[in-house]
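The values are calculated or read from the model by the stated rules, or taken from the named source; none is laboratory data. On a predicted model such as this, the values are computed, not experimentally measured, just so you know. Here Cβ is always computed from backbone atoms with ideal geometry, including for glycine, and neighbour counts include all displayed protein chains. The accessibility values were calculated without ligands, DNA or RNA, using every heavy atom of the protein model including side chains. Shrake-Rupley method; radii C 1.70, N 1.55, O 1.52, S 1.80 Å.
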Amino acid sequence: TPETVTLLAMASAVRYTVFWGGRRALAGSHSGPVERGGGVAEVPGRHTLFALSRRLRHLLPALGLALVLLLAAWLRFSKLGQFDNQYYTATVASMLTSWHNFLYVSFDPGGVVSVDKPPFAFWLDSVPVALLGVSGFSASLVHGLAGLASVALLYVLIRPVYGRAAAL
């Protein structure tokens, strides 16, 4: 009968509409999204579930990056002061005694022996040592922060070329 065919067509349209998250109209053209109250069969909780999943799809890359950065921070900072090089920590401590020692990266307080490394890293190391005191943690803090920044930089450089999944 014509009523049965109409009911079956409506049931099929309702299933189609509910399955696709309320995006298509029950009757008429299937060309675009349907506004609220536009004749779409509402199933309680179903529409909010799809809206939530759309929001989560946009938040997942940010959440993934936050988890990767949190893991990188924990790996870099959990045992930061335990494996310091006492030679370089003493160099940074000696650099803070005078401007001559600071500029020439002198190992000894008298300013006679210089370290055979470029001075820029030691100059950066001297900032947290001056603020936090002489310790293995403060002498290694800049290097831990640089390692964490390198993880974020790697994500920023890889994402445009290979995508978010590969960057994470």
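Structure data summary
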read-out: Sequence-distant residues sharing a close amide H with SER114 (under 5 Å, placed H); value: PHE107
read-out: Phi to ³J(HN,Hα) by Karplus 6.51 cos²θ - 1.76 cosθ + 1.60 over the range 123-131, Hz, x for Gly, Pro; value: 5, 5, 5, 6, 5, x, 5, 5, 7
read-out: At most 12 other Cβ within 10 Å, DSSP loop - chymotrypsin sites (Phe, Trp or Tyr not before Pro), the range 69-168; value: PHE83
read-out: In Å², nearest 10: area of SER135 left accessible to a 1.4 Å probe; value: 50
read-out: Cα extents of the range 74-137 along the three principal axes, largest first (Å); value: 38, 23, 17
